[in-house]
Amino acid sequence: MGEPVRLKDKIALITGAGRGIGRDIALAYAREGAHVVINDVDPETAEATARDAAALGSKSLAVVADVAKASNIHRLVETTVKERGRVDILVNNAMKIVPGRLEQLSEEAWDTTMNIGLKGAFLVSQACARPMIAQKSGVIVNIASIAGLFPYNFAGAYSVVKAGLIMLTKLQAMEWAPYGIRVNAITPGYIRTPGTEGMYADPEIYEGRRKGVPMGRVGSGEDHASRRVVLDLTGHGVELDLEVVARHRAQAERKQVEKEGPVLCGVQRDEPLAPLGVGEAVDLLEIGGLPRQSGSVVDHLHGDFPLCHVDLDHGP
């Protein structure tokens, strides 16, 4: 007998699920027993993801709709409820980056990113929240980005959209909690997807970003799909990509706490996702150009992920 599925018979609507992170999330949900509704503007990719999900046992459904258009959103949610009876989970993943320098960015480019990434997320959430409020339960996961916290230059409105999405998440969580609706945001770091492949195909860009990640590699959609499953089960939000948290927080805090207490940091592991025990000896990842150090785990954050408070070994 296999392991029990964790999202058995949940109805999950994922926008922008034809490829990239959205597709990986949809398939992760399907493996966990959810019946996924695949939304995309591209009929071919939407149908392809729906077929792959069906092969995993999901009663999948592809719905082509443009989340930048209110009439399309109404049809998307209405179809989901009509065909599947309810919406248990919504993942706002749809996004389109129109890169450009701010002084040269056109109004159309600004509006395209804003309308899909922020206005679209609001309108789809609003449309799904109504049946969720009626059923007194639901989960919404907004796919933000560390660009909402650390600006991505030359990416047009992208950082502004993601910053707005993080605040929208907080507002939704506060207003809809009384109705049993949990709302969280995930903010991935550097992720290689079909949408970013053109950028990462440049060796200089790839190497620059790879070196900025303590684990030494650019992530994939599959790396993050399991985190969405965790959020749908527990409601515990992950505010930043964990590897980036380790780099930025440890770099800022290490000088302050090195002689006074534990430091928040990433650790080097042969099995990066293996659970870490309190008191376990670990080697720290190189952070901010500082040399490797060793220490022992005081506590660990976010379950099994390699982000911990560590007492450093200062030597004699």
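Yes or no, residue by residue, for (1) over 22 Å from A121 (Cβ atoms); (2) small (G, A, S); (3) touching a helix residue (DSSP H, G or I) at 6+ places or on another chain (Cβ under 9 Å); (4) surrounded by fewer than 17 Cβ atoms within 10 Å (Cβ to Cβ):
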{"position": "K8", "(1), (2), (3), (4)": "yes, no, no, yes"}
{"position": "I11", "(1), (2), (3), (4)": "no, no, yes, no"}
{"position": "Y29", "(1), (2), (3), (4)": "no, no, yes, no"}
{"position": "A48", "(1), (2), (3), (4)": "yes, yes, yes, no"}
{"position": "L56", "(1), (2), (3), (4)": "yes, no, yes, no"}
{"position": "E78", "(1), (2), (3), (4)": "no, no, yes, yes"}
{"position": "E83", "(1), (2), (3), (4)": "yes, no, no, yes"}
Seminar exercise, completed: Taking segment 15-26 and keeping residues surrounded by 23 or more Cβ atoms within 10 Å (Cβ to Cβ) and either in a helix (DSSP H, G or I) or without any contact (Cβ under 8 Å) to a residue 60 or more places away in the chain (or both) leaves G18, I21, G22, R23, D24, I25, A26
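Matching residues to (1) under 23 Å from the mean Cα position of the chain (by Cα); (2) under 14 Å from C128 (Cβ atoms); (3) not polar (S, T, N, Q):
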| residue | (1), (2), (3) |
| --- | --- |
| G22 | yes, no, yes |
| A34 | yes, no, yes |
| D42 | yes, no, yes |
| A68 | yes, no, yes |
| H74 | no, yes, yes |
| E83 | no, no, yes |
For this session: Determine if segment 61-79 includes at least one residue that is closer than 17 Å to N93 by Cβ and among the hydroxyl-bearing types (S, T, Y).
Result: no
Exercise. Is there any pair linking a residue in segment 85-112 that is assigned by TED's automatic domain parsing to the domain that holds K136 to one that is among the acidic types (D, E), with Cβ under 7 Å and at least six apart or on different chains, and which?
Worked result: I89/D232
Seminar exercise, completed: Note on V37: of the conditions (1) out of contact with any Gly (no Cβ under 9 Å at 6 or more places or on another chain); (2) in a loop (DSSP other than H, G, I, E, B), unmet is (2)
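The values are calculated or read from the model by the stated rules, or taken from the named source; none is laboratory data. Since the structure is predicted, the reported quantities are computational estimates derived from the model, not experimental observations. When we count neighbours, we look across all protein chains shown, and the Cβ atoms used for this are built from the backbone with ideal geometry, even at glycine.
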